[in-house]
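Taking it in order: structure first as structure tokens, then the write-up.
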Amino acid sequence: MGTDVMHSDSDLKNRVSRFLADRLRPKLCQLDVDATNGIVTLRGVVNSFYEKQLAISCSQRVAGVIQLVDQMKVQD
């Protein structure tokens, strides 16, 4: 894997994380974001199905996201 790919993965991860943080919902700031070749994985616990959908929708809007993998759980 080249340095450019690793750099762009890191950049994409940071951009998705920042975009989620801008939503001003504490649980979205705590999500674990991983990015590999445009595939973004979201992991963690959110308060509601609405927050889960918000995280998915927001993440898909970030330039460079080709596919989103949802591994989030809604808090009981």
Summing -39500 (n - 2.57) over the DSSP H runs of n ≥ 4 in the chain and dividing by its residue number, what mean residue ellipticity at 222 nm do you reach, to the nearest 500 deg cm²/dmol? -14000 deg cm²/dmol
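Of all the C-alpha pairs in the chain, what % are more than 18 Å from each other?
Working: 929 of 2850 pairs.
Within the chain, distances greater than 18 Å cover 33 percent of Cα pairs.
Normalising by the residue count of the chain, find the relative contact order in percent from Cα pairs under 8 Å and 6+ residues apart. Intermediate results must be reported in sequence, preceding the final value.
On the way: 108 pairs, mean separation 23.0, N = 76.
Result for the chain is 30 percent.
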To test your reading of the geometry: what angle, between 0 and 90 degrees and rounded to tens, separates the Cα axis of helix 3-21 from the longest principal axis of the chain? 20
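Nearest 20 debye, what's the magnitude of the dipole of the stretch 3-74 about its Cα centre given +1 on Lys and Arg Cβ and -1 on Asp and Glu Cβ?
Details: 10 positive and 8 negative charges, 70 e Å.
It works out to roughly 340 debye.
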For Phe49, Phe19, order by how many other beta-carbon atoms lie within 10 Å, fewest first: Phe49, Phe19
May I ask what percent, to the nearest 5, of DSSP beta bridges between residues of the stretch 3-74 are antiparallel? 40
Across Leu24, Leu12, Leu54, the residue with the highest GNM fluctuation in the chain (Cα network, 10 Å cutoff) is Leu24
Quick one: helix 49-60 against the long Cα principal axis of the chain, what's the angle to the nearest 10°, folded into 0 to 90? 20
Run the quick spin-label model on Thr36 and Arg18: label points 7 Å from Cα toward the beta carbon, then report their separation in nm to one decimal. 2.5
Run through all the Cα pairs of the stretch 36-76 and give the fraction in each 10 Å bin from 0, expressed as whole percent. 31, 52, 16, 1
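Every number here is computed from the coordinates shown, using simple stated rules; none is lab data. Everything numeric in this text was worked out from a predicted model, so none of it was measured. Ideal geometry is used to build each Cβ from the backbone, glycine not excepted, and the neighbour counts take in all protein chains shown.
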